[in-house]
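One structure below.
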Amino acid sequence: MLLHFSPTKPLFFPPNPRRNPPLSPPKSLRIRAIDAAQIYDYETHLKSEHIKSTSLKIAVLGFGNFGQFLSKTLIRHGHDLITHSRSDYSSAASSIGARFFHNPHDLCEQHPDVVLLCTSILSTESVLRSFPFQRLRRSTLFVDVLSVKEFPKTLFLKYLPREFDILCTHPMFGPESGKHSWSGLPFVYDKVRIGEEESRGERCERFLKVFESEGCRMVEMSCEEHDKHAAGSQFVTHTMGRVLEKFGVESSPINTKGYETLLDLVENTSSDSFELYYGLFMYNQNALEQLERLDMAFESIKKELFGRLHQVYRKQMFGSGGDGKRSEQKLLNNGLGVPMKEESSSSS
Ligand code: NAP
């Protein structure tokens, strides 16, 4: 038997006749015996019953970088996670309390409430084409987290049985940007097709609740609208991150705040696969236009800079009354001027 002192719960001692006055129990003494009969913890019981009744069986398809990242939080919210992926992630799954199925048929035999598609954008169609939907319950809710939205919505409507519910979502954060908290981070969703039955609506809400209670900024928006906004923001962000990574930005002893932001941007975007980035470009019809706009903006900035440089050279070469026309002819293709002194000495 273990004796612990506690300021809150006094211990009852039987009267001891050998002591006078009888020993009153020290106020700070309390028994904690591992073999003592435990009081029935009604609250804990109620809590676990509540978790059981609200918990969903979620099948994660694609257990790569993002699939694993999301699964940890889904499990923390009391949901039962089963998963399947092209590669073997059985130990990664068991390490977070999920079950891994090598065969998608076996996964479907578990009759999940929700199938959460976390595969790459590029592989979506081939994954859906070969998926054994017939083994799932007819009312299954299909959810995706692809970073483009119109594309999976079209594929879902094309390949999924009509009885299935469809929720298209985009958690607009990743393992880097959401590693400490999801609070305030945007979560976009579109209830593309949710059946009339009350239970179907509730199931969808229970799934969304995970993100809501993590503090995400919940944004209900059509898939089409999402893609328009995402091309101008997310695709441009990823492009700039990749350009800067190729450029080779490195930390220095005199980093400014702005430069730190650039370094963070590179860190955030470089951990995502190139396949993901390519998917953002290929499967968002607004991305090409944004890439061209970026290109034009870069050219225009260069022109503005070189334009000023020309004026400086002109002034140096001819003074304020210089021959503008002649100086234009002496500019190289890359916009740099050729010093007139050298030119005149070499020609003489
Ligand atoms: P990803 O490179 O876009 O996708 C990797 C996942 O796709 C892995 O589970 C991989 O399975 C699977 N996959 C790739 N090719 C496949 C194929 N031919 N057949 C079957 N499965 C294939 O990287 P990710 O970061 O994990 O992203 C997953 C999804 O989440 C993407 O749709 C992405 O747009 C979305 N998302 C990502 C982020 C993020 O920050 N990373 C944020 C929001 C949304 P194996 O590993 O088993 O090969």
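Among 149/209; 149/246; 158/191; 228/303, which pairs are too far apart, with a Cα-Cα distance over 24 Å? List each step's numbers first, then the result.
On the way: 149/209 20 Å; 149/246 28 Å; 158/191 16 Å; 228/303 29 Å.
Check vs 24 Å cut-off fails for 149/246; 228/303.
Explain nothing, just compute: Karplus ³J(HN,Hα) = 6.51 cos²θ - 1.76 cosθ + 1.60, θ = phi - 60°, for every residue of the range 98-106 in order, whole Hz, x for Gly and Pro.
9, 10, 9, 10, 5, 10, x, 5, 5
Spin-label point model (7 Å from Cα, Cβ direction): what's the residue 219 to residue 177 distance in nm?
So the two model labels end up 0.9 nm from each other.
Taking the Cα centre of the range 189-252 as origin, work out the dipole magnitude from +1 charges on Lys and Arg Cβ and -1 charges on Asp and Glu Cβ, in debye rounded to 20.
Details: 10 positive and 14 negative charges, 50 e Å.
Using only the charged Cβ atoms, the result is roughly 240 debye.
Between residue 90 and residue 305, how high is the FRET efficiency from 1/(1 + (r/R0)^6) when r is the Cβ-Cβ distance and R₀ = 56 Å? Nearest 0.05. List each step's numbers first, then the result.
Values: r = 56 Å, r/R0 = 1.00.
With a Förster radius of 56 Å, E is 0.50.
Hey, rough spin-label estimate for residue 162 and residue 109, points 7 angstrom out along Cα→Cβ, what's it come to in nanometres?
3.1 nm
Please give the Cα centre distance for the range 257-282 versus the range 144-208, rounded to the nearest Å.
Taking the Cα centre of each part, the range 257-282 and the range 144-208 sit 23 Å apart.
Values in this text are rule-based calculations from the coordinates and carry no lab data. Model, not experiment: these values are computed from the prediction. Here Cβ is always computed from backbone atoms with ideal geometry, including for glycine, and neighbour counts include all displayed protein chains.
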